[in-house]
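Novice: Below are the structure tokens for one structure; questions will follow.
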């Protein structure tokens, strides 16, 4: 009968059909080492200085010397067998544990890759796809992982010519350098900017074995960078304006005073019966008009560079729109215009200065009139936004000439204007930009040349701005 040691004591491993030996009998003999008593012989199973169990035999008679030797050899062989079996069992447990750890680690890494907010795939030197994350499976151009894995990248991606794509991968395989580029796509119906990075990967020291390709939508980041750069530019211009405007005001005041004195001299000559110089009145009028125009530009720059601290209160945006329309109702420039309103109900109030917002809407409406040559329809639309920071959206939509894309990024800069010379100072939109920024919001423009423009004001809810 074969026994093994366990935490609970001896356990029977194997026995003959007629064996009736009890564990306590075996344990009693094992306490003395190997032993024989009452027709029962017990031999310990020891291998590599480790006890694995015991062998017990029921005897028909007393064992001889050779019998004991044979029994010892059998016990040693069984001990070796149990030692091998134990090692195999431990190895099996270790392999199973290690396999489980590897599977868990693989699933963890896959979950990390799938959780990334970027599209990621990996190709080998045969351009075959070896990894394809969940982001690559979604969207309008999504391809399932099962469909992508094992196929060449040229069979899956069709936005770029295969030769161009092959050259990009070959450059990374050859040089081992990261390659980054920006692409614009209109697949979603709007223009989005993507940053595409191709990163070398080495499984050995021999060279680049794979390329990791990452596609990231950076539209919002790029717009934020552009807004930040624009704000920095406006701040620099504001500092410049604050430093020089008073110095310019002094010579302008002198010119205005001299022009006024000359006008009085001309009037004195007339009263004395002497004809003044020819064109004197016209020149003096031009000087006066230009001085006042310069002063208006200076006042606008000073307002821009040092915005007045205005009291803000809870303000419904629809009331601001309606008040602006009331003010322009009898304005001569709007006589031939039609202004439509699409005002959403139950909009969150904003914390704002009503007069400043009226100034912004008035400036946008006047620009719309100029863009449409005082004919056609202007639409003012309000709606809810996507979150607390963009809770209220107001749009002024015209059907005018539109703005070229190259100019759209400059229209909020001081002194930039698309109007004819003499029709604008280029400060109106800059001041609007500053007012909306002071309210914690932002102003955007969408424009198509020949089809009109949409100026969009996004303001935070009253609670979000406080």
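The values are calculated or read from the model by the stated rules, or taken from the named source; none is laboratory data. These numbers were taken from a predicted model, which means no experiment stands behind them. Positions of Cβ are backbone-derived with ideal geometry, glycine not excepted, and every protein chain shown enters the neighbour counts.
Novice: State yes or no: is residue 346 in contact (Cβ under 8 Å) with a residue 40 or more places away in the chain, outside any helix (DSSP H, G or I) and loosely packed, with under 12 Cβ neighbours inside 10 Å?
Specialist: Against the criterion (in contact (Cβ under 8 Å) with a residue 40 or more places away in the chain, outside any helix (DSSP H, G or I) and loosely packed, with under 12 Cβ neighbours inside 10 Å), residue 346 does not qualify.
Novice: Please work out which one of (1) more than 17 Å from residue 119 (Cβ to Cβ); (2) modelled with pLDDT under 85; (3) exposed (fewer than 11 other Cβ atoms within 10 Å of the Cβ) is the condition residue 227 fails and give its number.
Specialist: Just one mismatch for residue 227, condition (3).
Novice: Moving on to the next point. Regarding residue 146, is this residue in contact (Cβ under 8 Å) with a residue 12 or more places away in the chain and in the same structural domain as residue 211 (by TED's automatic domain parsing)?
Specialist: Numbers: in contact (Cβ under 8 Å) with a residue 12 or more places away in the chain: no; in the same structural domain as residue 211 (by TED's automatic domain parsing): yes.
No; evaluated as a whole, the condition is false for this residue.
Novice: Just one of the numbered conditions (1) surrounded by 11 or more Cβ atoms within 10 Å (Cβ to Cβ); (2) part of a loop (DSSP other than H, G, I, E, B); (3) at pLDDT 80 or above is not true of residue 351; which one?
Specialist: Every condition holds for residue 351 apart from (2).
Novice: Which pairs have Cβ atoms under 7 Å, sit 6 or more apart or on different chains, and link a residue in the range 318-343 that is on the phi > 0 side of the Ramachandran plot and in a strand (DSSP E or B) to one that is modelled with pLDDT under 90 and surrounded by 15 or more Cβ atoms within 10 Å (Cβ to Cβ)?
Specialist: Matching pairs, first to second residue: none at all.
Yes or no, residue by residue, for (1) in contact with a helix residue (DSSP H, G or I) (Cβ under 9 Å, 6 or more places away or on another chain); (2) in the same structural domain as residue 158 (by TED's automatic domain parsing); (3) under 30 Å from residue 199 (Cα atoms); (4) surrounded by 15 or more Cβ atoms within 10 Å (Cβ to Cβ):
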site: 36; (1), (2), (3), (4): yes, no, no, yes
site: 40; (1), (2), (3), (4): yes, no, no, yes
site: 54; (1), (2), (3), (4): yes, no, no, yes
site: 72; (1), (2), (3), (4): no, no, no, no
site: 81; (1), (2), (3), (4): no, no, no, no
site: 93; (1), (2), (3), (4): no, no, no, no
site: 127; (1), (2), (3), (4): yes, yes, yes, yes
site: 133; (1), (2), (3), (4): yes, yes, yes, yes
site: 138; (1), (2), (3), (4): no, yes, yes, no
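Novice: Among the candidates 71, 63, single out the residue that is modelled with pLDDT of 80 or more and more than 30 Å from residue 136 (Cα to Cα).
Specialist: 71
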